[in-house]
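The values are calculated or read from the model by the stated rules, or taken from the named source; none is laboratory data. Worth saying up front: this structure is predicted, and the values here are computed from it rather than measured. In this analysis, Cβ positions are derived from the backbone assuming ideal geometry, glycine residues included, and neighbour counts consider all displayed protein chains.
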Amino acid sequence: MAAWFFVQPNRGRKVLSIAAGCGSVVSAGIVFLSGELEFWGINLLGAAWEFFAFPLYSLAVAHANVYAEPSDYIMVSNGLLLVFGSGAILGPFAGSVIMAMTNLALRRFLLAFDAW
């Protein structure tokens, strides 16, 4: 695992913050440029979003394991996996219901929030 990278104080928070911030910028680009970009432009932005979003779970586990006792690694990983899975299941349903009940401007905001 990449826990060796997080040994220095606050390094893990910086890496997670940078990855989440870059993913948020790409999400905003997807929302605001979706009407202007062609097929390949949207796909490239989607790939860029995936580049930042998918490693966040493993980085969060590595960061959490630095501060956990060795006997708690499995419990920490189980908790993070449960939260990640719950968000992956409930997030799209809640986002689609809320977007169906609101206007277009709020739909774009919720799309960016739901994408991240």
| Residue under evaluation Thr102, criteria (1) modelled with pLDDT of 75 or more; (2) hydroxyl-bearing (Ser, Thr, Tyr); (3) not in a helix (DSSP H, G or I), criterion not met | (1)
| So which of Val83, Val97, Val76 ends up being surrounded by fewer than 15 Cβ atoms within 10 Å (Cβ to Cβ), part of a helix (DSSP H, G or I), modelled with pLDDT of 85 or more and among the β-branched types (Val, Ile, Thr)? | Val83
| field | When residues of region 23-60 are limited to those that are among the hydrophobic types (A, V, I, L, M, F, W, C) and not in a helix (DSSP H, G or I), the one farthest from the chain's Cα centre (by Cα) | value | Leu37
| Quick one: is Ala20 small (Gly, Ala, Ser), part of a helix (DSSP H, G or I) and modelled with pLDDT of 80 or more? | no
| note | The condition from (1) more than 20 Å from Gly87 (Cβ to Cβ); (2) modelled with pLDDT of 80 or more; (3) surrounded by fewer than 16 Cβ atoms within 10 Å (Cβ to Cβ) that Leu45 misses is numbered (3)
| query | How about region 12-23: which of its residues are buried (at least 17 other Cβ atoms within 10 Å of the Cβ) and not aliphatic (A, V, I, L, M)? | reply | Gly12, Gly23
